[in-house]
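Asks: One structure, pasted below without further comment.
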């Protein structure tokens, strides 16, 4: 809280969207996405030294929307992550 709009943009990069907050300020909206890789499964040694590979977990996509509220003086007064 209290950071300047310029500091936010330096830290996050340019916003994906900008909209009014209805009070003379603005809301900077940032979207981020990525992928969390899955696992290959646990390899175990069984009878007669045979190798067995268990079922791994699948990977999945993640996304995040961050809204940073800037007041009319150009300072952050609220933020939220969805």
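Asks: Tally up the residues in region 1-24 that are within 18 Å of residue 65 (Cβ to Cβ) and either touching a residue at least 12 places away in the same chain (Cβ under 8 Å) or part of a strand (DSSP E or B) (or both), please.
Replies: So the answer is 11.
Asks: Now, a different point. Which condition does residue 1 not pass, out of (1) over 30 Å from residue 57 (Cβ atoms); (2) surrounded by 10 or more Cβ atoms within 10 Å (Cβ to Cβ), if it passes all the others?
Replies: (2)
Asks: If we scan region 32-51, do we find a residue that is under 26 Å from the mean Cα position of the chain (by Cα), part of a strand (DSSP E or B) and surrounded by 11 or more Cβ atoms within 10 Å (Cβ to Cβ)? Please lay out each step first, then the result.
Replies: Taking region 32-51 as the starting set, the residues that turn out to be under 26 Å from the mean Cα position of the chain (by Cα) are 32-40.
Imposing the further condition that a residue be part of a strand (DSSP E or B) reduces the set to 32-36.
When the remaining residues are screened for being surrounded by 11 or more Cβ atoms within 10 Å (Cβ to Cβ), the result is 32.
Yes: region 32-51 contains one or more residues that are under 26 Å from the mean Cα position of the chain (by Cα), part of a strand (DSSP E or B) and surrounded by 11 or more Cβ atoms within 10 Å (Cβ to Cβ).
Asks: Residue 27 - would you say it is surrounded by 11 or more Cβ atoms within 10 Å (Cβ to Cβ) and either in a loop (DSSP other than H, G, I, E, B) or modelled with pLDDT of 95 or more (or both)?
Replies: On the way: surrounded by 11 or more Cβ atoms within 10 Å (Cβ to Cβ): yes; either in a loop (DSSP other than H, G, I, E, B) or modelled with pLDDT of 95 or more (or both): yes.
So residue 27 passes the test.
Asks: To continue, here is another question. If you take the residues of region 52-64 that are in a loop (DSSP other than H, G, I, E, B) and surrounded by fewer than 10 Cβ atoms within 10 Å (Cβ to Cβ), which of them is modelled with the highest pLDDT? Reasoning before the result, please.
Replies: Going residue by residue through region 52-64, those that are in a loop (DSSP other than H, G, I, E, B) are 54-59.
Of the ones still in play, those that are also surrounded by fewer than 10 Cβ atoms within 10 Å (Cβ to Cβ) are 55, 58.
Numbers: 55: 79, 58: 84.
Among those that are in a loop (DSSP other than H, G, I, E, B) and surrounded by fewer than 10 Cβ atoms within 10 Å (Cβ to Cβ), it is 58.
Asks: Condition first: part of a strand (DSSP E or B) and in contact with a helix residue (DSSP H, G or I) (Cβ under 6 Å, 6 or more places away or on another chain). Now tell me which residues in region 65-82 satisfy that.
Replies: First, pick out the residues of region 65-82 that are part of a strand (DSSP E or B): 65-70, 75-81.
Once the filter is applied, which keeps residues that are part of a strand (DSSP E or B) and in contact with a helix residue (DSSP H, G or I) (Cβ under 6 Å, 6 or more places away or on another chain), region 65-82 yields 68, 70.
The values are calculated or read from the model by the stated rules, or taken from the named source; none is laboratory data. All values reported here derive from a predicted model rather than from experimental measurement. Reconstructed Cβ throughout: ideal geometry from the backbone, glycine too, with neighbour counts over all protein chains shown.
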